[in-house]
1. Answer with yes or no whether A:Lys426 is within 21 Å of A:Asn356 (Cβ to Cβ), more than 6 Å from RNA strand B (Cβ to nearest atom) and touching a residue at least 12 places away in the same chain (Cβ under 8 Å).
2. When you look at A:Phe142, is it more than 16 Å from RNA strand B (Cβ to nearest atom) and at pLDDT below 95, yes or no?
3. State whether one or more residues within segment A:51-60 are of a type in the set (Phe, Trp, Tyr) and either touching a helix residue (DSSP H, G or I) at 6+ places or on another chain (Cβ under 9 Å) or assigned to a loop (DSSP other than H, G, I, E, B) (or both).
4. Give the residue that is surrounded by the most Cβ atoms within 10 Å (Cβ to Cβ), with candidates limited to residues of segment A:390-410 that are within 9 Å of RNA strand B (Cβ to nearest atom) and among the polar types (S, T, N, Q).
5. When A:Pro127 is evaluated against the numbered criteria (1) within 14 Å of RNA strand B (Cβ to nearest atom); (2) in the same structural domain as A:Phe24 (by TED's automatic domain parsing); (3) surrounded by fewer than 18 Cβ atoms within 10 Å (Cβ to Cβ); (4) outside any strand (DSSP E or B), which criterion, by number, is the only one it fails?
6. Just checking, which of A:Glu366, A:Glu391, A:Glu387 is closer than 25 Å to A:Ser420 by Cα, of a type in the set (Asp, Glu) and in contact with a Pro (Cβ under 7 Å, 6 or more places away or on another chain)?
7. Could you give every pair whose Cβ atoms fall below 6 Å, whose first residue belongs to segment A:184-210 and is more than 18 Å from A:Tyr291 (Cα to Cα), and whose second residue is outside any helix (DSSP H, G or I), counting only separations of at least 6 or pairs across chains?
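The values are calculated or read from the model by the stated rules, or taken from the named source; none is laboratory data. Bear in mind that the values here come from a model prediction, so they are computed numbers and not experimental data. Because the Cβ atoms are built from the backbone with ideal geometry, glycine has one as well, and the counts that use them run over all protein chains shown.
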Amino acid sequence: MKPGIPKGTRDFNPDQVNKRNYIFDTIKKVFIKYGYQPIETPTMENLSTLTGKYGDEGDQLLFKVLNNGDFLGKADIMALDTRDSNKLIPSISKRGLRYDLTVPFARYVVMYQNDISFPFKRYQIQPVWRADRPQKGRYQEFYQCDVDVVGSDSLVYEAELTQIYDEVFNELKLPVLIKVNNRKILAGIAEVAGISERFAAMTVAIDKLDKIGLEGVKKELANRRISDEAIQQIVNILEVKNLEDLKPLLETSETGRKGIAELEEVFQYLDDYQAANEITFDITLARGLNYYTGCIFEVSAKDVEMGSIGGGGRYDDLTGVFGLKDVSGVGVSFGAERIYDVMEELGLFPQDDAVNLKLLFLSFDEKSFLYAWKQLVKVRAAGINAEIYPEPVKMKKQMKYANSREVQYVSIVGSQEMESGQLSLKDMATGEQEMMTIDEIIEKLK
RNA sequence: GUGCCUAUAGUUCAGUUGGUUAGAACGCUAGAUUGUGGUUCUAGAGGUCGCCGGUUCAAAUCCGGUUAGGCACCCCA
């Protein structure tokens, strides 16, 4: 049979895994520094936990896991007869693959509410699955790196998460633009324009601004049954570049004023912080997801054509559906896959010696192979990444392997070396070769 | 869910208006080279042209279907 993997999934070769780990490790390090703790949740959740949380579109994209055993024997006969897939699902599938990390986190918080102390600060780096049609930069299996704090209304966390963004991308040497807005400001705009009931439609349209331009947004708004008069008002407000200018325009909306005040407080917390990246208020930032209720964030890479590489915001009632009311949370997510692509494009991955092979032993015959093997044990004991070619075959073949492994040094062992007790150490980059004792080699490569 | 494109060697791809035994590069194996790699030269292995059917004297090539993959939209990271 021909080997293959399911569409929308990927294999990662050693080089790719090392680079991905570099991103994950950098992110993790910053999370930990800011006092966040790791949790992990199962790959599968009960389908009832997942369905209904992501809208109708989202439900369609959930991967369902077929029940074990005689699932057809317990299937809904009516649904089966009428070929009604949606109606059939509950009777043959009770589990699904997690669609994101936020809903499982909300479930976790509710289940362990008596064991955790609030504010609860957690981070989570795990794969999620979506039965979407894959395309460039979009997969059916991909990693999310989420960091959230629940159980506090304090806006210092908004400031803290902004700093986390700044610090992570600074560590990665990836210049970004961090955009901040507040859902309440958007709600205020809708209120002022007299279309509060079309708020969700408005945000979806505004969210597309950098993709389809101002004219596109106008068209989109019109398509969503918003009057020309309201559209003109919305567009006027969207021209505003800073919070001061916005104040008079949202004077009449209490929600709008609250949103401005919140952002001012966040920026006040950021006053003394020396940011490496640009942090800016962007009134056109909307975020499609409708569970956000306060501040919202989005990060995009500078100098590269790529969608957002991170986003998040505050949600006032995430745990409500699981029966725990009035627990506010705020969190952001890092789009690891896109960060990877951007860093690859800009050539930002550093050479990481810690994961590479440093020394490879080559040998000419059975005797010298055994001798080299014993030296290898000593080198490894000293903590040096080392290996031996498993057979004393032709030197050309062994050297070829050394090249393909991109090993830094090789030590070629034969009768001369065994007699003198000195080993040859060849620098593969320069081709230079010198004779030294095993202890000297260890000292040099340490 | 909607639209468009692609499918030929392990990989990336050529393949003329349909015409004899389907090619290249890289990779792989071996030799030039019995203690030393990247370069070079030589030789070799490797393909039911995604699958099914149709048109034709003749199909990798044209047509229909099917399956798989990619891209864009929707939505999203």
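1. no
2. When the stated conditions are applied, A:Phe142 does not pass them.
3. yes
4. The residue in question is A:Gln398.
5. (4)
6. None of the other options fit; the residue is A:Glu366.
7. A:Glu191/A:Ser253; A:Val192/A:Ser253; A:Ile195/A:Ile226; A:Leu209/A:Thr284
To keep it simple, each residue is scored yes or no on (1) modelled with pLDDT under 90; (2) outside the structural domain of A:Val330 (by TED's automatic domain parsing); (3) assigned to a helix (DSSP H, G or I); (4) under 22 Å from A:Glu337 (Cβ atoms).
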site: A:Asn170; (1), (2), (3), (4): no, no, yes, yes
site: A:Glu191; (1), (2), (3), (4): yes, no, yes, no
site: A:Gly194; (1), (2), (3), (4): yes, no, no, no
site: A:Met202; (1), (2), (3), (4): yes, no, yes, no
site: A:Lys219; (1), (2), (3), (4): yes, no, yes, no
